[in-house]
Amino acid sequence: MEPATSVKAEELFQLTERVNRISVSPTMAVLQEAEKYKARGVDVVDFGPGEPDFPTPEHIKRAAIKALEENRTKYTATPGIAPLRQAICDWHAANLGSSPVFQPAECIVTAGGKHAIFNAACALVGPGDEVIIPAPYWVSYPDIVKYAGGKPVFVATQPDDDFRLRAAAVEKAITSRTRMVIANSPCNPTGAVIPPDEFAKIFDVCRRHGVWLLSDECYSHFTYGNAKPFSVASLPGGRDRLMIAGSFSKTFAMTGWRMGYLLAPQPIIAAVTKLQSQSTSNATSIAQYAALEAAKGPMDSVGAMLAEYGRRRERILNGLRAIPGVTCTAPAGAFYVFPNISAHLNANMPTDTAVAKQLLEREHVAVVPGEAFGAPGYLRISYATSLERIEEGLRRIERFFTQSAGRQ
Ligand SMILES: Cc1ncc(COP(=O)(O)O)c(C=O)c1O
């Protein structure tokens, strides 16, 4: 088993305390397990992936091919090519209402949104610093904070409040050591969207306490019902203490291109540029030209993907809610549902991790256990897969829980 191997490796190779502090992403572990079944030819319904199942839009791929043909294959400036930095600032203003428009000196292009968050944490969080992370949380936040030397402080969000982060809860968790608050709206894994007025209050709390707000906008354009794409950078009153981590991965179905950005006050961008200059250097040159086309080109493909996600969301939500003992809040954004399956836990299946394991073994359905997101008793199901696979997956999940109840 993996933990034993890693303990051995730590001893054998004397890995640093810094790297021993963190662990492999639990979502990756599930995906790897599902891959083993697939490699054996098993028909797995894979609800694991945190990525769009759509191909990258054609015009974006064309731009990359053109960049290749024009030999744009050399190093670029560390923070990214100038037209892309400008285009990101303009795109953000046009699509998320940032005002005043960010300046290119307030923008750095990174190798994905995760890289932006990692670099921002490394630039601002040090030993003993506390970072407030709303739970359930995206798996990487605690490990990134720990790697930077900080201490994650979790603030629980509640299912009966649709998992929305509240300013009062943030303020209660602030201490003299708090350095940063991470907000993720729409949220992975819950799909929760923080209402704009609450977001304004959260930012106000941060500013009053001199704490940084890092807003992860990775799913900004996937919102449903009354929820609309929103950025805290559109609020009046200044942007000191605000950082925005953005990504091309989900919005433009570009996960493999590794394109993201950080928008922040110029001195923060300078610090992150310094860090990047000594680690990854620039993000891939060709991918930058693809991202430039994404930011400047039409947004139709985003609307088409959203419409399809909307249909899938409806189907999977209704399907899960029809299973006895399963409850599920309606996600206002992203492409995940986060059902509570705690009524099905028993001596044979005591945890959500055991449920996920048995679901894969017995019904060949891959999901991520809630424990990975700091939420025992839940499963994360990604509906970034076809309606047909969703129907098949629902059939299997229902059979699984019906049979498990019968075994009791
Ligand atoms: C909440 C959240 N933030 C950031 C990311 C990072 O995405 P990327 O590094 O592909 O831009 C992800 C990816 O799953 C995510 O779910």
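Amide H contacts for Tyr378 (H built 1.01 Å from N in the peptide plane; partners 5 or more residues away or on another chain; cut-off under 5 Å): Ile341, Gly370, Glu371.
At a Förster radius of 35 Å, what calculated FRET efficiency corresponds to the Cβ-Cβ distance of Ser23 and Tyr75, to the nearest 0.05?
Working: r = 33 Å, r/R0 = 0.95.
It comes to 0.60.
Taking other residues whose beta carbon is less than 14 angstrom from the beta carbon of Asp90, and scoring Lys, Arg as +1 and Asp, Glu as -1, yields 0. Amide H contacts of Thr190: none lie under 5 Å away among residues 5 or more positions distant or on a separate chain (H built 1.01 Å from N in the peptide plane; Pro and chain starts excluded).
Please report how far the C-alpha centroid of the stretch 355-392 lies from that of the stretch 86-159, rounded to the nearest whole angstrom. The stretch 355-392 and the stretch 86-159 have Cα centres spaced 27 Å from each other. Residue separation of Arg62 and Ala343 scaled by 0.36 nm, minus their Cα-Cα distance, works out to 96.2 nm of gained length. Computed over the stretch 155-213, the P(r) curve from all C-alpha pair distances, binned at 10 Å from the origin, holds 23, 56, 20, 0 percent per bin. Per-residue extension of 0.36 nm, minus the Cα-Cα distance of Lys228 and Glu361, leaves a gain of 44.0 nm for this segment. Ligands, DNA and RNA excluded, the heavy atoms of Glu363 present near 20 Å² of accessible surface to a 1.4 Å solvent probe.
Under unit Cβ charges (Lys, Arg +1; Asp, Glu -1), what dipole magnitude, rounded to 20 debye, does the chain have relative to its Cα centre?
Details: 43 positive and 40 negative charges, 74 e Å.
So the dipole magnitude of the chain works out to roughly 360 debye.
For the set Lys228/Lys250; Lys66/Lys274; Lys66/Lys114; Lys66/Lys296; Lys250/Lys274, the pairs lying more than 24 angstrom apart at their alpha carbons are Lys66/Lys274; Lys66/Lys114; Lys250/Lys274.
A straight Cα-to-Cα reach below 14 Å connects Lys151 with the aspartates and glutamates Asp129, Glu130, Asp143, residues fewer than 8 places away in its own chain not being considered.
The label point for Ser279 and the one for Met299, both projected 7 Å from the Cα toward the Cβ, are 3.0 nm apart.
Note on Lys201: lysines with a C-alpha under 17 Å away, same-chain residues under 8 apart excluded, are Lys172.
Find the accessible area per residue for the stretch 333-380; the probe is 1.4 Å, ligands and nucleic acids are left out, and the unit is Å².
Working: 1380 Å² over 48 residues.
The answer is 29 Å² per residue.
Ignoring everything but the protein chains, give the 1.4 Å probe accessible area of Leu317 in square angstrom, nearest 10. Number for this one is 10 Å². Within the chain, what percent of beta bridges assigned by DSSP are antiparallel, to the nearest 5? Of all bridge pairs located within the chain, approximately 45 percent are antiparallel.
Residue separation of Asp204 and Thr351 scaled by 0.36 nm, minus their Cα-Cα distance, works out to 49.1 nm of gained length. Cα extents for the stretch 240-310 along the principal axes, largest to smallest and rounded to whole angstrom: 40, 30, 19. Principal axis analysis of the Cα atoms in the stretch 185-320 yields extents of 48, 41, 26 Å, listed in decreasing size. Projecting the Cα positions of Pro331, Ile390, Gln103 onto the charge dipole of the chain (unit charges on Cβ atoms of Lys, Arg, Asp and Glu, taken about the Cα centre) puts Gln103 furthest along the positive direction. Extending 7 Å from the Cα toward the beta-carbon at both Glu391 and Arg40 defines two label points whose distance is 2.8 nm. A Förster distance of 30 Å, applied to the separation of the beta-carbon atoms of Ala94 and Glu51, puts the FRET efficiency at 0.75. 3J(HN,Hα) couplings calculated from phi for the stretch 373-384 with the Karplus curve 6.51 cos²θ - 1.76 cosθ + 1.60 (θ = phi - 60°) are, in sequence order, 10, x, 9, x, x, 10, 10, 9, 10, 8, 9, 7 Hz; Gly and Pro show x.
Using a probe radius of 1.4 angstrom, the carbon and sulfur fraction of the accessible surface of the stretch 139-221 is 50%. Across the stretch 88-94, computed HN-Hα scalar couplings (Karplus, 6.51 cos²θ - 1.76 cosθ + 1.60, θ = phi - 60°) run 5, 4, 5, 4, 5, 5, 6 Hz from first to last residue, x flagging Gly and Pro. Solvent-accessible surface (1.4 Å probe) assigned to Thr280 amounts to roughly 70 Å².
For the stretch 12-108, what does the accessible surface come to per residue with a 1.4 Å probe? Please give it in Å². Could the numbers behind the result be given before it?
On the way: 5640 Å² over 97 residues.
Per-residue value: 58 Å².
A cut-off under 15 angstrom between Cβ atoms defines the neighbours of Gly256, and their net charge, with Lys, Arg +1 and Asp, Glu -1, is +2. Between amide H atoms placed 1.01 Å from N, distances below 5 Å from Gly112 occur with Met259, Gly260, all of them 5 or more places distant or on a separate chain. Measuring with a 1.4 Å probe in the full set of protein chains, what accessible area per residue, in whole Å², belongs to the stretch 190-276? Each residue of the stretch 190-276 exposes 33 Å² on average to a 1.4 Å probe.
The values are calculated or read from the model by the stated rules, or taken from the named source; none is laboratory data. Being a predicted model, the structure only gives us computed values, none of them experimental. FYI the Cβ positions are ideal-geometry reconstructions off the backbone, even for glycines, and counts take in every protein chain you see. Heads up: the accessible areas ignore ligands, DNA and RNA and are worked out on the full protein's heavy atoms, side chains in. Shrake-Rupley method; radii C 1.70, N 1.55, O 1.52, S 1.80 Å.
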